[in-house]
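A quick write-up on the structure given underneath.
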Amino acid sequence: MWCHTREVSSNLELELKALLDSMEARNLKEIDGVEHAIVDIFVGLSDEDYYVQESFEYRFENNILETIFSMGLDIRTTIT
């Protein structure tokens, strides 16, 4: 198992695009031994000073979803 991580300090969509671009849009399932490839998005809201008033939202544009698809990636999202 290996991970390629990136800490998001601004906009989730822009950071995800930069992460995918850094991986050169290669289909990861074509690598020998790779059975599963996942984009794991974790949003931690554990700061005691942070308060979610109504909702947390983000949007993935079609081109990002197309890149994720072409790389053979599944998406897992955790918000806690």
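The values are calculated or read from the model by the stated rules, or taken from the named source; none is laboratory data. Owing to the predicted nature of the structure, the values given are computational and were not obtained by experimental measurement. Counting neighbours? That spans all protein chains shown, and the Cβs are built from the backbone with ideal geometry, glycine included.
Are any residues in the range 57-80 charged (D, E, K, R), without any contact (Cβ under 8 Å) to a residue 40 or more places away in the chain and in a loop (DSSP other than H, G, I, E, B), and if so, which ones?
Hit for the range 57-80 is GLU57, nothing else.
Any residue at all in the range 50-65 that's surrounded by 12 or more Cβ atoms within 10 Å (Cβ to Cβ), hydroxyl-bearing (Ser, Thr, Tyr), within 13 Å of the chain's Cα centre (by Cα) and at pLDDT below 85?
yes
Test of understanding: among LEU45, LEU16, LEU20, which residue is in a loop (DSSP other than H, G, I, E, B), surrounded by 10 or more Cβ atoms within 10 Å (Cβ to Cβ) and either modelled with pLDDT under 80 or under 10 Å from the mean Cα position of the chain (by Cα) (or both)?
LEU45
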